[in-house]
Amino acid sequence: MKKLLSSLVLFLPFCSIAQNQIFDRANVTGNMETTIQYLNDDSTIGAFAPEQKAVMNSYLNVNYSLGKFRTGVRFESYLPSIAGYPAFYSGTGIGYRFAEYSGEKIQVTMGNFFEQFGSGLIFRSYEERALGLDNAMDGARIRFSPIKGMQLKGVYGRQRFNFDDGKVILSEGVVRGFDGDVNLNDLIPSFSDSKLKVSLGGSFVSKYESANNDTLIIPKNVGSYGGRLSLRYSKFYINGEYIHKENDPSAQNNYIYNSGHGILINMGYSKKGLGILLSAKSIDNLSYRSQRDVIGNQLFINYLPALSNQHTYNLAGTLYPYASQPNGEVAYQLDFLYKIPKKTKIGGKYGTDLHLNVSVVTAPVQHTSNMNFNVDRIAYEGRPFDGSDSLYNFDLNFHVSRKFNKKFKASAHYFHFVFNNEVNTVTKKASGYITSDIGVIDMQYKINRKHALRMEIQGLFTKQDRGNWATALLEYTISPGWFVAVMDQWNYGNSTVKDRLHYLLGSFGYTHNSSRFMFTFGKQREGIFCIGGVCRPVPATNGLTFTFTTTF
Amino acid sequence: MKKLSILLIAAGLFATLSFVNDGGIDTGKKMPTVMIKDMEGHDINTAEVSNDGNPIVISFWATWCKPCRLELNTIMDDYDDLVEETGVKLVAVSIDDERNKHKVEPTVNAAGWDYDIWLDPNGDLKRALGVNNVPQTFLLNGEGSIVWTHSGFSPGDEEELYDEIRKISK
């Protein structure tokens with residue numbers, strides 16, 4: 001099977017060259033990514049080199065399409081995997097392959113696929129390679145659009161769990177799901193020009209996993225269902241989704257027999273120069289996985305987004321980042337974006353951008369009166385948006401950015417975090433709440449048409465954990481190809497004087513169209529690396545990293 | 001296993017050598033057929049993107065990506081002139097997932113971008129076009145063929161894009 005697929009992949013590009021002359025729509029696309037690290041021990045920062053000294057992650061995707069037919073394959077290689085990457089990825093092999101046919105109204109896929117129902121609260125298979133997350137389905141999918149404005153989807157398969165010595169290991173459980181989506185404005189011709197836009201949808205997902213437990217009667221099939229509605233009138237919009245999950249005892253919830261719920265609501269108003277968004281989320285016992293004994297980040301059937309801003313400045317993003325709590329949380333978030341108009345006294349010649357973001361996450365109340373846990377193993381009662389005053393996370397951040405003239409741009413950023421280290425443990429040096437304030441100044445100067453200089457100065461101030469940090473970054477770019485940067489992070493406020501370390505990191509690289517290589521050398525501190533509210537710890541490293549990416 | 005590794009390297013080299021598009025060359029590569037949505041929830045078949053025979057720029061971005069926003073802000077400053085001169089249309093494809101997807105519309109409006117916006121929350125189009133990281137920008141000629149692509153953004157890169165657009169505009 002593997003041989004067949006491999007030869008198919010090698011053969012297809014040749015086909016495409018021949019076909020290009022005959023058919024207009026034969027395409028080969030894809031990409032490659034390689035990361036090679038050469039690591040050294042450094043006891044001062046706690047960095048350890050593996051026995052091999054060098055480690056590598058590599059990926060090559062090839063997609064081939066001809067008319068209505070499309071196929072693709074991904075090779076991947078971990079020899080062994082790079083520092084901090086999940087250790088259950090090892091060896092070289094085919095990690096993903098699929099074939100697909102797209103007709104006028106129907107699309108069928110066999111093999112691996114990624115898919116999302118609604119907001120993903122009930123079902124999302126996706127890939128976040130930087131985190132080592134990949135819960136791709138392996139099975140079959142059908143998408144059917146009987147008429148304009150209606151889309152039906154069905155999925156059936158097992159999920160990718162591990163990649164062991166070049167072979168994909170799948171979940172023990174099987175996931176089956178169905179989703180329907182209707183856009184009323186597209187569906188009903190007389191309604192198409194209405195200012196009111198309405199779309200709605202519903203999903204049903206079920207998983208099956210065999211069970212063999214001496215003490216508990218474990219449900220082998222666990223269902224989950226829900227609906228969503230989206231309304232928009234002129235510049236206002238509101239959308240929401242509600243998901244209910246049947247009882248689903250698992251390692252994550254300590255094998256309780258509670259059902260679970262998830263609710264996401266977004267309300268917004270936006271027009272040119274202004275955007276306001278209010279979001280709310282209520283989750284209870286919503287860890288939904290295709291294997292009940294798995295914890296951590298693997299084998300989620302659904303996706304629980306964190307309701308807070310995704311920070312990218314180094315000190316704001318990697319020391320105290322918030323991650324979703326699948327067992328339950330109630331969260332609210334406000335975004336306010338405004339552009340002070342250009343050519344005004346306050347706004348300046350080009351205008352000034354303001355962004356305020358506030359989010360608060362609390363533990364849900366768990367009502368325990370009138371419970372008969374010994375009879376039915378239902379541990380508590382959870383109600384929608386029933387938040388307690390036990391704080392999980394508070395995040396306030398404010399950003400101002402302005403273009404002063406054709407050459408100079410600057411922005412200033414302020415962050416205030418109250419982080420609960422008991423819920424999201426990121427440090428052993430502090431317990432309870434960690435309060436921190438962060439300031440960032442980011443300046444960019446365009447020297448001429450091709451040369452530009454950028455500088456970041458960041459400070460993090462806290463009395464807990466490892467104390468204050470300062471970061472400085474200097475970056476020089478020569479368009480369209482070259483870039484070079486130096487960054488130093490300094491833990492100058494550490495209460496232990498010998499731990500007031502510098503982490504100096506240099507990088508340079510070159511981009512040619514869609515190909516890019518980069519060298520990074522120096523020390524990287526341990527931290528938490530997050531995307532989309534899912535996080536993984538990254539160890540301290542000292543060494544040289546080479547990265548190559550290309551799109552073809 | 002050894003065979004597979006050799007195969008992998010061979011495939012990699014072959015693919016890289018054969019298909020790195022050196023710019024301005026019509027390889028006949030078209031937009032793949034992927035179903036995604038716009039901000040109002042209408043279905044978009046990405047293969048059907050058109051602009052009356054004028055060039056189209058497809059730019060992948062995310063609300064949390066600083067260089068992406070810098071690129072789209074920079075192009076916005078010159079966009080009206082560029083549209084008048086070349087007839088170009090820019091489609092900004094947001095890869096924000098569910099956590100940030102709802103911030104796309106306020107972000108776009110507050111920034112005052114006049115681009116077409118597509119939402120690709122599960123990375124379907126991103127994968128189909130082989131995008132590794134954002135920002136990445138593709139240029140389609142009047143026939144809908146991908147003639148140029150660039151990853152990353154540094155100040156000044158926009159000039160190269162404008163040059164490429166001018167080359168293919170009638």
Task: Relative contact order, percent, segment B:24-168 [alpha-carbon distance under 8 Å, six or more residues apart] - done: 35 percent
Open item on the list: Between A:Thr44 and A:Phe519, what's the calculated FRET efficiency when r is the beta-carbon distance and R0 is 25 Å? Round to 0.05.
Closed with: 0.65
Task: Net charge contributed by nearby residues that have their C-beta within less than 12 Å of A:Gly120 (K/R +1, D/E -1) - done: -1
Task: Cross-link partners of A:Lys197 among aspartates and glutamates (Cα-Cα below 12 Å; sequence separation of 8 or more within a chain) - done: A:Asp186, B:Glu40
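Could you compute the longest span of chain A free of GluC sites (Glu not before Pro) located in DSSP loops and having at most 12 other Cβ atoms within 10 Å, not counting the site residues?
Numbers: sites that count: A:Glu51, A:Glu104, A:Glu422.
Looking at chain A, A:105-421 is the longest stretch - no exposed GluC sites (Glu not before Pro) with at most 12 other Cβ atoms within 10 Å.
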- [ ] Output the Cα-based Rg and Dmax of chain A in Å, rounding Rg to one decimal and Dmax to a whole number.
- [x] 25.5, 75
Open item on the list: Students often get this wrong: which residues of segment A:345-371 have the backbone nitrogen under 19 Å from the point 7 angstrom along Cα-to-C-beta of B:Met76?
Closed with: A:345-357
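Of all the Cα-Cα pairs you can form in segment B:99-170, what percent are over 21 Å apart?
Numbers: 1024 of 2556 pairs.
Taking all Cα-Cα pairs of segment B:99-170, the fraction more than 21 Å apart is 40 percent.
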TODO: Would you mind checking segment B:96-123 for residues with the amide N under 19 Å from a putative spin-label position 7 Å along Cα→C-beta of B:Glu40?
DONE: B:102-110, B:112-120
TODO: Taking H placed 1.01 Å from N in the peptide plane, check which residues at least 5 places from A:Asp164 or on another chain put their amide H under 5 Å from its amide H.
DONE: A:Ser90, A:Ile169
TODO: Pairs of Cα atoms under 8 Å, at least six residues apart: use those to get the relative contact order of chain A, whole percent.
DONE: 10 percent
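Find, among the chymotrypsin sites (Phe, Trp or Tyr not before Pro) in segment A:22-80, those assigned to loop by DSSP (not H, G, I, E, B) with at most 16 other beta-carbon atoms within 10 angstrom.
Here the chymotrypsin sites (Phe, Trp or Tyr not before Pro) that fit, given the DSSP loop and packing criteria, are A:Phe23, A:Phe48.
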Task: Two-site FRET efficiency, B:Arg166 against A:His451, from Cβ-Cβ distance with R₀ of 30 Å, rounded to 0.05 - done: 0.85
Open item on the list: For segment A:448-511 and segment A:167-191, what is the centre-to-centre distance using only Cα atoms, to the nearest Å?
Closed with: 44 Å
- [ ] Would you mind counting up the charge near A:Thr109? Only other residues with Cβ under 13 Å from its Cβ, with Lys and Arg at +1 and Asp and Glu at -1.
- [x] +3
- [ ] Step through the residues of segment A:274-289 one at a time and calculate ³J(HN,Hα) from phi using the Karplus curve (6.51 cos²θ - 1.76 cosθ + 1.60, θ = phi - 60°), rounding each to whole Hz and writing x for Gly and Pro.
- [x] 8, x, 10, 9, 10, 10, 9, 9, 9, 10, 9, 6, 10, 6, 10, 10
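A short reminder: the numbers here are calculations on the coordinates, not readings from a lab. Just so we're clear, the structure is a prediction, and the values are computed from it rather than from any experiment. Cβ coordinates were reconstructed from backbone atoms using ideal geometry, including for glycine residues, and neighbour counts include every protein chain displayed.
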